[in-house]
């Protein structure tokens, strides 16, 4: 009995360490960034200090951290739902861009809406636009048997170009011709922001609300349980009387819709018009955020804030130290790889432990049999 | 006048599609073995960068193409260690490789050459094949090109033969369809898969080298610009068969070069961004009409653990 207890405590120690694999992954990513920065002749210590200063140094920095985090949080929660259901949605960027387009559509075509209706209408329409984009991938998966990975990837490019075509064509600004963008939206369509807090806008409350709702849906409702089961084992889900195809469709729709909302919140929170390329990189960053959060909406909250801080810090550093923003790609990729490798090692150690325990129980049974036969 | 435009168009079609075809062949090798090749874009980027840097220091085309291929193989080897030996998620790891390579090449470029960018490298001259290049219309399209393009012509049948007629090709396909069965027959699943991924990396590397050395003639940030994804899609709709992938690659190349032509023509009154969308829309339509009932290798994306 005593040895059993020992094994248990030992295992739980390893388990705790392995459960922290996203945190370790994030650390590895930042360390790689710091090592790389030393190639520019900048001390890694300075890198950390500047990063922290840029992310949390003063009220302006905190505001820009939160603002960077908002779209990542919303789209990250959506991505988490898709991944939990086993749907490989990597089309966040395209869905985000059409979400932004929805905001421009409402604000420019119906400019006389009162404030109470305008913003909710924008959020709903962007959800629908995002859903429609995800719907294309669903169509190809169900009727053509093509993996949604490829289609969502293609749709990323199409969504981005669609916004570029619109802001250079039908929605082109009549007053500002220096940059491809739309006319300024009416004030009633914009989220309130606080200039003293680095233009922090109310989108952060929308993001937190969405995270709480999706988290509650995923972990505390029967529908969420069904969704998670379908992701873990489609066969088991089908045996239990659920329809994995239906769950796949629901998960893709929710995920696409949330990414659409992320886009519209980014447009009406950060700026006052739709700009070309407003959400470049946010899509894959939110994918990294979802993975960093363990594809769990509640985990996405710290992960999104971390990424927002990283983004804000890197922006300041780009200005003060002249480090290219491409370094963020490097850090993002390293984080993704190290989390996945960490997960794989976790599975490896678990199966090894199981094997060892099985071996032990076999040996125990054999020795007991021996004793019995001796007596 | 019209004929010269057509000849020019066909010429550029071949030039644009060769990198896509090479990536598609590489993807075939990786995915026939049962491993998603999401990192193809990353292999192309690193190889384009390495081959341009080698070209600047050695001024020898042969060595720089070789260096590019080797760098692609090296990165593919790292990817195969993560996915085949450790069993990490193939899709996310591949995407991670893409981002790491994008960040690495862009920041190294900034570090080595600053804001001015990499100097242009000498042109890879087109070699004219005497009699064949005189064939009207398709003559100059097929037989008046730089050497790597001729190499591609030779590689396509060879690659098909290896995949469908050689023992190793059979083993590779078996490993992708049913790894436990292959394992029972004494084929090392890990070794075969790793070899498949590294071969794929070599083709993506060659593609990156061709792109940077003979077409762009320098390295720019994100030089591959989605060609890796096109290769992935071409392989899927070629049914993971090098010949089918070549055909799909040619179609994407034709769409891409049509897009380039249309942009130059100022008479057409369509938004340039809609024109830029053409290759992607062609890919979608292609899937809609032709890509029906393409069954992927049964064990694709699944980690095989030996017990």
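The values are calculated or read from the model by the stated rules, or taken from the named source; none is laboratory data. Quantities reported herein were computed from a predicted structural model and do not represent experimental measurements. Heads up, the Cβs are rebuilt from the backbone with ideal geometry, glycines too, and the neighbour counts pull from every protein chain shown.
Would it be correct to say that residue A:156 is touching a strand residue (DSSP E or B) at 6+ places or on another chain (Cβ under 7 Å), surrounded by 23 or more Cβ atoms within 10 Å (Cβ to Cβ) and either assigned to a helix (DSSP H, G or I) or at pLDDT below 90 (or both)?
Values: touching a strand residue (DSSP E or B) at 6+ places or on another chain (Cβ under 7 Å): no; surrounded by 23 or more Cβ atoms within 10 Å (Cβ to Cβ): yes; either assigned to a helix (DSSP H, G or I) or at pLDDT below 90 (or both): yes.
In short, no.
Quick one: which of B:291, B:249 is modelled with pLDDT of 90 or more and either within 13 Å of chain A (Cβ to nearest Cβ) or assigned to a helix (DSSP H, G or I) (or both)?
Values: B:291 fails: modelled with pLDDT of 90 or more.
Among B:291, B:249, only B:249 is modelled with pLDDT of 90 or more and either within 13 Å of chain A (Cβ to nearest Cβ) or assigned to a helix (DSSP H, G or I) (or both).
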So, first residue over 20 Å from residue A:123 (Cα atoms) in the range A:209-220, second residue part of a helix (DSSP H, G or I), Cβ within less than 7 Å, six or more apart or across chains; the pairs are A:218/A:81; A:218/A:84; A:218/A:224; A:218/A:227; A:218/A:228; A:218/A:297
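Rundown of residues vs (1) part of a helix (DSSP H, G or I); (2) at the interface with chain A (Cβ under 7 Å from one of its Cβ atoms), yes/no style:
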position: B:96; (1), (2): yes, yes
position: B:101; (1), (2): yes, no
position: B:114; (1), (2): yes, no
position: B:130; (1), (2): no, no
position: B:133; (1), (2): yes, no
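Would it be correct to say that residue B:198 is modelled with pLDDT of 95 or more, more than 12 Å from the chain's Cα centre (by Cα) and not in a loop (DSSP other than H, G, I, E, B)? Steps first, please.
Details: modelled with pLDDT of 95 or more: yes; more than 12 Å from the chain's Cα centre (by Cα): yes; not in a loop (DSSP other than H, G, I, E, B): yes.
In short, yes.
Of the residues B:122, B:157, only one is touching a helix residue (DSSP H, G or I) at 6+ places or on another chain (Cβ under 9 Å), free of Cβ contacts under 8 Å to residues at least 60 places away in the same chain and surrounded by fewer than 13 Cβ atoms within 10 Å (Cβ to Cβ); which? Explain how you work it out, then say what you get.
On the way: B:122 fails: free of Cβ contacts under 8 Å to residues at least 60 places away in the same chain.
Every option except B:157 fails the conditions.
Any residue at all in the range B:6-14 that is part of a helix (DSSP H, G or I) and within 20 Å of residue B:221 (Cβ to Cβ)?
Step one: list which residues in the range B:6-14 are part of a helix (DSSP H, G or I), which gives B:6-14.
This time we only want the ones that are within 20 Å of residue B:221 (Cβ to Cβ), so: none.
No, there is no match, as no residue in the range B:6-14 is part of a helix (DSSP H, G or I) and within 20 Å of residue B:221 (Cβ to Cβ).
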Residue set A:295, A:245; condition touching a residue at least 60 places away in the same chain (Cβ under 8 Å) and at positive phi; output residue A:295
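Within the range B:80-89, which residues are surrounded by 17 or more Cβ atoms within 10 Å (Cβ to Cβ), part of a helix (DSSP H, G or I) and either out of contact with any helix residue (DSSP H, G or I) (no Cβ under 7 Å at 6 or more places or on another chain) or facing chain A (nearest Cβ under 9 Å) (or both)?
Step one: list which residues in the range B:80-89 are surrounded by 17 or more Cβ atoms within 10 Å (Cβ to Cβ), which gives B:80, B:82-84, B:86-89.
Keeping just the survivors that are part of a helix (DSSP H, G or I) gives B:80, B:82-84.
Within the range B:80-89, B:82, B:83 meet the criteria.
If I filter the range A:286-306 for residues that are outside any helix (DSSP H, G or I), within 10 Å of chain B (Cβ to nearest Cβ) and surrounded by 15 or more Cβ atoms within 10 Å (Cβ to Cβ), do I get at least one hit? Break it down stepwise before answering.
Going residue by residue through the range A:286-306, those that are outside any helix (DSSP H, G or I) are A:293-296.
Filter once more, keeping what is within 10 Å of chain B (Cβ to nearest Cβ): none.
No, because not a single residue in the range A:286-306 is outside any helix (DSSP H, G or I), within 10 Å of chain B (Cβ to nearest Cβ) and surrounded by 15 or more Cβ atoms within 10 Å (Cβ to Cβ).
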query = Going by the conditions given, is residue A:342 crowded, with 20+ Cβ neighbours inside 10 Å, more than 8 Å from chain B (Cβ to nearest Cβ) and either touching a helix residue (DSSP H, G or I) at 6+ places or on another chain (Cβ under 6 Å) or assigned to a helix (DSSP H, G or I) (or both)?
reply = yes
| Restricting attention to the range A:258-280, does a residue exist that is free of Cβ contacts under 8 Å to residues at least 24 places away in the same chain, part of a helix (DSSP H, G or I) and over 18 Å from the mean Cα position of the chain (by Cα)? | no
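Could you tell me which of the residues A:203, A:198 is more than 14 Å from chain B (Cβ to nearest Cβ) and farther than 21 Å from residue A:96 by Cα?
When all the criteria are applied, what remains is A:198.
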Scanning the range B:212-245 residue by residue, the ones that are part of a helix (DSSP H, G or I) and either crowded, with 24+ Cβ neighbours inside 10 Å or within 14 Å of another protein chain (Cβ to nearest Cβ) (or both) total 15
Counted residues in the range A:133-153 being facing another protein chain (nearest Cβ under 9 Å), touching a residue at least 24 places away in the same chain (Cβ under 8 Å) and under 13 Å from residue A:248 (Cβ atoms) come to 1
Exercise. State whether one or more residues within the range A:168-190 are under 24 Å from residue A:91 (Cα atoms), within 11 Å of chain B (Cβ to nearest Cβ), part of a loop (DSSP other than H, G, I, E, B) and modelled with pLDDT of 85 or more.
Key: yes
Scanning the range A:38-59 residue by residue, the ones that are assigned to a helix (DSSP H, G or I), in contact (Cβ under 8 Å) with a residue 12 or more places away in the chain and within 14 Å of another protein chain (Cβ to nearest Cβ) total 2
Within the range A:308-326, residues being more than 13 Å from chain B (Cβ to nearest Cβ) and touching a helix residue (DSSP H, G or I) at 6+ places or on another chain (Cβ under 6 Å) number 6
Of the conditions (1) in contact (Cβ under 8 Å) with a residue 60 or more places away in the chain; (2) in contact with a helix residue (DSSP H, G or I) (Cβ under 7 Å, 6 or more places away or on another chain), the single one that residue A:288 does not satisfy is (1)
Apart from one, (1) within 23 Å of residue B:192 (Cα to Cα); (2) over 16 Å from the mean Cα position of the chain (by Cα); (3) within 8 Å of another protein chain (Cβ to nearest Cβ) all hold for residue B:106; the odd one out is (1)
